[in-house]
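Have a look at the structure below before the remarks.
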Amino acid sequence: MEPAQDLGLGGGDSSLHRYLDGEFWSLKNELRRLLGGCPLFRHRYGLSLDEMRALTVQRVKFILGHPLIKRAFQEQCGIIYWLFGGAVRNLGSPRHVTQWLQPLKEQQYTGMFAMTERGHGSNVRGIQTEATFDLVAQEFVIHTPCENAQKMYIGNAMCGNYAAVFAQLIINGSSQGPHCFIVPIRDENGGLYPGVTAIDMMHKEGLHGVDNGILIFNKVRVPRENLLDKFGSVAPDGQYHSPIKNKSARFNAMLAALTPSRLAVTFQALSTMKLGLTIAIRYSHSRRQFGPKAKEEVRIIEHQTQTLRLMPHLATVLALTFTSR
């Protein structure tokens, strides 16, 4: 039975169900049918951390490799929902899009998004990772100068091949502000490239399938072309060029370009909230406890304290669903 049906919201083609699912309602219905009957997506219990991560990788490959999903990504959803891909598409040139996105969609490699640092989370302007231009070698030197500059909570850190790394672009000792660079992390055999350190952050309550980690760079060199240069580029002679001359305006434009990818993370949280509420409310309609003497116990959803705990959250998730349209 569909969760929407259990909540009295209607299922299948009901107008409310269709509205809550949004413009992708038919795709979501097909996914529910597909995944509901797939053994790979049955609940598993007692798995170790490594087993849970391996299962997650299998599930991701299955979903992204399915013709229905591949078509939906290309025609409707778009690559913006992947953080690494979103950085390439929104911050790179057409050349970068051609070079990096097609192999990513074909699962030839996996990427990660490395912005947050130990000492700077939301304050992207203050990140301390350095990308110093070497004029002679025509390379950028990616370096973690201190502990606070370590990249933290990086998803896919323990198996990803490339990272979109945000660092201060330094030319002749002067910073041009944060820019994004494609940095190789692992080869096709899973071996770390010289100068790269990856530290597993291990268990995370409710999210054991995602291998978050810490990335540290010790003078890792990348080609000049690995700078995603939509908002700022470095010529072979070391001259910096940008279509936006004001540094603050350039920084704001860069962050604005990442908004769709960052919003996708909040939508994932909203989906998790919906699932949790579906389970809690459905259970509250089946579990019975207490009631009038000599009569059947009442469903716990009928107890005021239970209702007051759940209904405000249900109202919130519906309001967020409406406003997210």
- Ranking TYR45, TYR153 from most to least accessible area with a 1.4 Å probe gives TYR45, TYR153
- Item | Residues with amide H under 5 Å from that of GLY177, placed H, sequence gap 5 or more | LEU169
- Task: Starting from the Cα gyration tensor of the chain, take the square roots of the eigenvalues, sort them a ≥ b ≥ c, and report rounded, prolate or oblate (rounded when a/c is under 1.5, otherwise prolate if a/b is larger than b/c, else oblate).
- Result: prolate
- Give the cross-link partners of LYS274 among the lysines, using a straight C-alpha distance below 21 Å as the criterion and excluding same-chain residues fewer than 8 apart. LYS28, LYS204
- Message: Name the residue from HIS303, ILE244, SER286 whose Cα lies farthest towards the positive end of the charge dipole of the stretch 198-325, charges +1 on Cβ of Lys and Arg and -1 on Cβ of Asp and Glu.
- Response: HIS303
- Query: Just how large is the dipole of the stretch 20-162 about the Cα centre, in debye to the nearest 20, putting +1 at every Lys and Arg Cβ and -1 at every Asp and Glu Cβ?
  - Reply: 600 debye
- Query: Is the stretch 246-288 best put as rounded, prolate or oblate by its Cα gyration tensor, with a ≥ b ≥ c the root eigenvalues, rounded for a/c under 1.5, and otherwise prolate when a/b is larger than b/c, oblate when not?
  - Reply: prolate
- Note on the structure: Computed over the chain: longest principal axis from alpha-carbon atoms vs helix 304-323 long axis, angle to nearest 10 degrees, is 50 degrees
- Query: Dipole magnitude of the stretch 185-325 about its Cα centre, charges +1 at Lys/Arg Cβ and -1 at Asp/Glu Cβ only, in debye to the nearest 20?
  - Reply: 580 debye
- Could I have the simple spin-label model distance between HIS285 and HIS43, label points 7 Å from Cα toward Cβ, reported in nm to one decimal? 1.8 nm
- Considering only protein heavy atoms and a 1.4 Å probe, what is the carbon-and-sulfur percentage of the accessible area of the chain? 55 percent
- Heavy-atom accessible area of LEU64 with all protein chains present, probe 1.4 Å, nearest 10 Å²? 40 Å²
- With a 1.4 Å probe and every protein chain left in place, tell me how much accessible area TRP25 has, in Å² to the nearest 10. 60 Å²
- Förster radius 45 Å - calculated FRET efficiency between CYS146 and THR316 (Cβ-Cβ, nearest 0.05): 0.65
- Using a 1.4 Å probe and ignoring any ligands, DNA or RNA, find the accessible area of THR197 and quote it in Å² to the nearest 10. 60 Å²
- Message: Given a 1.4 Å probe and heavy atoms of the protein chains only, how would you sort ARG325, ARG282, ARG33, largest accessible area at the top?
- Response: ARG33, ARG325, ARG282
- 0 to 90° range, to nearest 10: angle between helix 259-286 axis and the chain longest Cα axis: 20 degrees
- Item | Accessible area in the full protein assembly, largest first, 1.4 Å probe, for SER286, SER233, SER261 | SER286, SER233, SER261
- Rounded if a/c is under 1.5, else prolate if a/b is larger than b/c, else oblate: which is the stretch 201-279, with a ≥ b ≥ c the root eigenvalues of its Cα gyration tensor? oblate
- Query: For the chain, with only Lys/Arg (+1) and Asp/Glu (-1) charged at the beta-carbon, what is the dipole magnitude about the Cα centre, in debye rounded to 20?
  - Reply: 780 debye
- Using 0.36 nm per residue of separation minus the Cα-Cα distance, give me the extension gain between ASP134 and LYS295 in nm, one decimal. 49.8 nm
- Query: Hey, what's the per residue convex hull volume over the C-alpha atoms of the stretch 183-325, in cubic angstrom?
  - Reply: 200 Å³
- Message: How far apart, in nanometres, would the label points at HIS241 and TYR193 be if each is projected 7 angstrom from Cα along the Cα-to-Cβ direction?
- Response: 2.5 nm
- Subtract the Cα-Cα distance of THR323 and LYS70 from 0.36 nm times their separation in residues, and report this length gain in nm to one decimal. 88.3 nm
- Query: On full extension of the chain, what length is gained from LEU16 through PHE62, given 0.36 nm per residue of separation minus the C-alpha to C-alpha distance?
  - Reply: 13.6 nm
- Rg to Rh, two decimals, where the stretch 93-221 supplies the alpha carbon set and Rh follows Kirkwood: 0.97
- Calculate how steeply helix 247-257 sits against the longest principal axis of the alpha-carbon atoms of the chain, using the helix alpha-carbon long axis, and give the answer as 0 to 90 degrees to the nearest 10. 40 degrees
- Task: Return the single residue from VAL136, VAL196, VAL234 with maximal mean-square fluctuation; model: Gaussian network over the chain, springs between Cα atoms under 10 Å.
- Result: VAL136
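The values are calculated or read from the model by the stated rules, or taken from the named source; none is laboratory data. Here the structure is a predicted model, which is why all the values come from computation and not from measurement. Glycine gets a Cβ as well: all are built from the backbone with ideal geometry, and neighbour counts include every protein chain shown. Just so you know, the surface numbers come from the protein's heavy atoms only, side chains and all, with ligands and any DNA or RNA stripped out. Shrake-Rupley method; radii C 1.70, N 1.55, O 1.52, S 1.80 Å.
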